[in-house]
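All remarks here apply to the structure that follows.
Quick note: the coordinates plus some simple rules give every number you see, no bench work behind them. Quick caveat: nothing in here was measured; it's all calculated off a predicted structure. Cβ: placed from backbone, ideal geometry, glycine included. Neighbour counts: every protein chain shown.
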């Protein structure tokens, strides 16, 4: 019995995407469990997959979506209509045009998704119990907590004054074990085996935030699982006499019939009735039901952006006759030379596709995270100095570690969520005495914090504690509000611990072979083969104050942590002479005068600060100093650029004023994070060099030449692209569903330790990103678009990788993200579809049938 | 005259700010900044008035006449400074925190209405003006809580608050009506005692109890405690303002009407018992709350219980000092309610706790008892040698807080650095505290509290607090009691949105 119940629960819970705690915020696609089915076929009540039609119509008005984009979207979605046209009166109108006319000129009434604030008494009670059970730092731990959630609830529910006496009595007769309780409740509630799955599913949908967190917790902590949770829920139903039937009706398809739509459309276009035309128009419209209208708009919205982006990519043919739908796929080798490849830029690693030409050695190379925010600093650095070459690579630099700073009690898992931490790295101090001193100071902080905590939280102490410290708190409030920068400096001075110099123990965590393997993989993946004298690994993090979502602004490839430990580890590995010797043997020689420097990029201030500066050899001090000056100028320019769209900032103010918002405890918009992210470009930097991508694009460096067997590309597509896809959909759904899949406004957030937030005093754990991450003043700042993955690599190689990896097939075939590729600079773009590659329609090119009107 | 000008400036500033909010609804951000600045100017005026009063040694400044007479005495000026100062700072915080929020304008208007009516209330010299300002403050608070009117939890919070405020305000209106009938429209607050003396005993007792009911409702005390925990669906600055400057109005009422309350043993006993019960109840429930703001709510409730309890002891000056210090303390904690994740991250670099030997534990506990006791005793001996019994009872709490804080610090790490820093902190905090308390006693003058309960009564809530702490510490024993109390606490901790049914 109980095994069967566990299996049933596991089956219904399979699609639930785990939700990570706030302190290591991992972006997830909240609908990730459904990636196996088509994006458009998801019909969850209360969840919007697109914006509503009026928004798209406004975009058509403003030119953000063109009619050409719409026709392209129609043809992409319904390829059968490509060559189809209809006669109305004396005019011949293409089918795509007809549909576009209906979309833009008739504006059929589309249903709007309204998030219901539905919750029932069982939701309310379960939320209360589960929150107190999971409280990470309880002042009064729940009695019987050790016995598990269900057992603790069962022991206490018989005393719960919130329910009636009879319910309390009923609670005494419940089975002792959670799985028995589920079976007991199902049978007492008269639910047959046939309905059990549906009932369990609905129970899990009741508090989706808590359910998702419990799923994470079961995998990572193990003190609660979905079975325990369902046992409490169903038992509550039982003792409260609440039926488990779901009252909400399934959303009905209120589609207008194609015939009535056709009559209206014909009348609109023709000015009168035309029965013959109406029939053929109806046949066309039937292929595009009203329910699909927002999806067509959404696709057009994405195609417009993708088209603009492709045009900015260097080496894209201007007069792209590739839009010709009947042209067969040309032989790549023939077309490669037809369009003159654009020079990448002066001074960088030469032009695309001509690896054999000798390019001048760059002065400094910067390896930054693929994060769209890196695009800004890379662009400004390159603009400033031609000798700087930049690369994009996953922000953990390929070094998956669990990191603990010297002598500390706990560690962070600084690696992508896809990997498990197997390698523990810590710090080895250069000067043991100063490290000891630092430990002592940290120990004193710890003791004072314990004292203050006791003063605040012991039952009898807080009264006089508030009286004696109130004036200090008041002074702090005034200072932090009116002079945040000074307040931050004071706090830093009070808690300073005089960082002692150290190095990371990466050589203890990985064998030499492992280190060389990681280094080789990284170099091959990002196509780094010619080394500058100074190579900088810049891990990124974000510093803000009073921000529960700070971790969501940190590096996604480092488990929602700043990537500093990984940058330090990577630099240590590449500076290791033994590793270099092995790399040389494997055909990747690193010049002896090349030094790898770790650095930290703060995305609020956009400063790049060197780490482990004491390791810089005297020969490289000048270069490091030069880079420090360059980044200073580049950072100022970038901060001014960002100030244009940061609420409350102004490009006219000094950049330091904008940077100061990181210290401001009242600031809810410390930075825009990855808002706006829309595309992922895999290819050498030359193809985007000099272009302003507006910090919206993930950039992964890649050169097919250095990755002969395609293993690097396979890793890029299956790891960084997948992580970027999670981030993209986190933003997408948080923007479209602030009440259900997003976390709503920060102003009412109420944290439960570091586990998550509630909105207000009670309810479900919030999922996703807060409204302040995606919108300002009621207007979306994040344009919700599914990620456009753009690759420059041999198409056959890409095809082989996609067909080998089920995860990629799901994502691309089911329209969760899209894939566009070209062989090399100058050749034509191809779009990946379920049935293979087809030439990318350049939506800026007016269609030939457009002349018919 | 300069004094009147300053007083008027302080009084009028928040009304101007509220008016600006109303006029400039379409330029929310600019208006919010202007309103915060105007409130700040009001604070400056009040500070000027305060300095002038101290320098000249005057008792009070009077503004207005008849029923609408304001008497800005020491208490009024201190409270005006607190309310305008906190309101200005919190509004400045909100100019950024609520940036882009469609309800920012609403916040500016209602927060300033609340500030304005609270300033009017603390300065009111007559029963009529106090009552009008009190009701206005209640209405403004309800409007402020309605910042997000479509939110289900906010609606529930407003509903609960309105219901309890109606009961409390009707009590005040009834008491005020009786007093006005007996003493006339322009009855001064200072003359309430004389008027009551001429009233039949039963009626006078009724007035006292009605006034206490009004105070308890506004300060979220048992039996009117159900509203405060339901108010978290309003934005953080609303909570900060409310917890710093509204919920403590109960003590202001008790002090302003002390001549109607302090002479009756029964009324003072009701005040003490309500405060002490809320203190224990809220302290216990707070231990069960998992959410940061929920803990703050119940902490406020307990602190207000402490303040009301002090009133019952007749220690009105101590109550006012508690009110001011707690306002500063709690607003800071609300505004920084988003720092939990950062604090957790900072803890990661801490070393493991060192093993604690028996000798160091004994030393830590010994020092934890001796140092605060010595600091409090000597500070008191230097600044105010004659300590009343009620003050001594409250000072015991100071010693307790010092002992808990110091003991917990030294038990984690007993080193020269921790000992030196924490001794210094405790001694200087105790000194500052004593100086402030003595200053407040001077400022308010002593209110003769004939009916005050015996300070020994404090032992009851203190003992219950310690028992609660023991139950919460998850030791063996008393398992059945613990289960019952935990289940009851949990059910009290979260305001229900749904009526719960049973089979």
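Ranked by the mean number of other Cβ atoms within 10 Å of their residues, highest first, the peptides A:577-585, A:460-468 fall in the order A:460-468, A:577-585. Note on residue A:275/residue A:7: beta-carbon distance plugged into 1/(1 + (r/R0)^6) with R0 of 56 Å gives a FRET efficiency of 0.45.
Comparing Cα centroids, segment B:258-282 and segment A:143-167 end up 35 angstrom apart.
Per DSSP H run of n ≥ 4, the term is -39500 (n - 2.57); total these for chain A, divide by its residue number, and report the mean residue ellipticity at 222 nm rounded to 500 deg cm²/dmol.
Values: 29 runs with 355 residues, N = 853.
Helices in chain A give a 222 nm mean residue ellipticity of -13000 deg cm²/dmol.
Compute the long axis of helix B:316-335 from its Cα atoms, compare it with the longest principal axis of the Cα atoms of chain B, and write down the angle in degrees, 0 to 90, nearest 10. Roughly 80 degrees, rounded to the nearest 10. Take each residue in B:291-297, count the other chain C-beta atoms within 10 Å of its C-beta, and the mean is 6. With everything on Cα atoms, drop me the angle between helix B:236-245 and the longest principal axis of chain B, reported from 0 to 90° to the nearest 10. In chain B, helix B:236-245 runs at an angle near 80 degrees to the longest axis. Our note on the geometry: Cα centres of segment B:7-64 and segment A:531-579, 50 Å apart.
The order of the peptides B:38-51, B:368-381 by mean Cβ neighbours within 10 Å, most packed first, is B:38-51, B:368-381. Using the rule -39500 (n - 2.57) for each DSSP H run of four or more residues, divided by the residues of chain B, the 222 nm mean residue ellipticity is -25500 deg cm²/dmol. The spread of Cα positions in chain A, taken along each principal axis and listed from longest to shortest, comes to 90, 80, 54 Å.
Take every residue in peptide A:479-485, count the Cβ atoms of other chains within 10 Å of its Cβ, and give the average of those counts. Could you put the intermediate results ahead of the total?
Values: counts 1, 5, 13, 6, 0, 1, 0.
For this peptide, the per-residue mean of nearby foreign Cβ atoms is 4.
Packing, as the average of other Cβ atoms within 10 Å across residues, places the peptides B:262-274, B:179-191, A:387-399, B:391-403 in the order A:387-399, B:391-403, B:262-274, B:179-191, highest first.
Shape analysis of segment A:431-495 places it in the oblate category; the axes a ≥ b ≥ c from the Cα gyration tensor give an a/c of at least 1.5, with a/b not above b/c. When you work out D = kT/(6 pi eta Rh) for segment A:271-313 at 10 °C and 1.306 mPa s, using the Kirkwood radius from C-alpha pairs as Rh and the Stokes-Einstein form, the result is 124 µm²/s. Judged by the gyration tensor of its Cα atoms, with axes a ≥ b ≥ c, chain B is rounded; a/c sits under the 1.5 cut. Is the C-alpha gyration tensor of segment B:348-438 telling us rounded, prolate or oblate? Criteria: a/c under 1.5 is rounded; beyond that, a/b larger than b/c is prolate, otherwise oblate. Because a/c hits 1.5 or more and a/b exceeds b/c, segment B:348-438 counts as prolate.
Normalised by 2.2 N^0.38 Å, where N is the number of residues, the C-alpha radius of gyration of segment B:278-396 stands at 1.37. Placing dummy labels 7 Å off each Cα toward the beta-carbon, the span from residue B:173 to residue B:266 is 2.6 nm. Compared with the dominant principal axis of the Cα atoms in chain B, helix B:2-23 is inclined by about 90°. Peptide B:410-418 has a mean shielding of 5, counted as Cβ atoms of other protein chains within 10 Å of each residue's Cβ.
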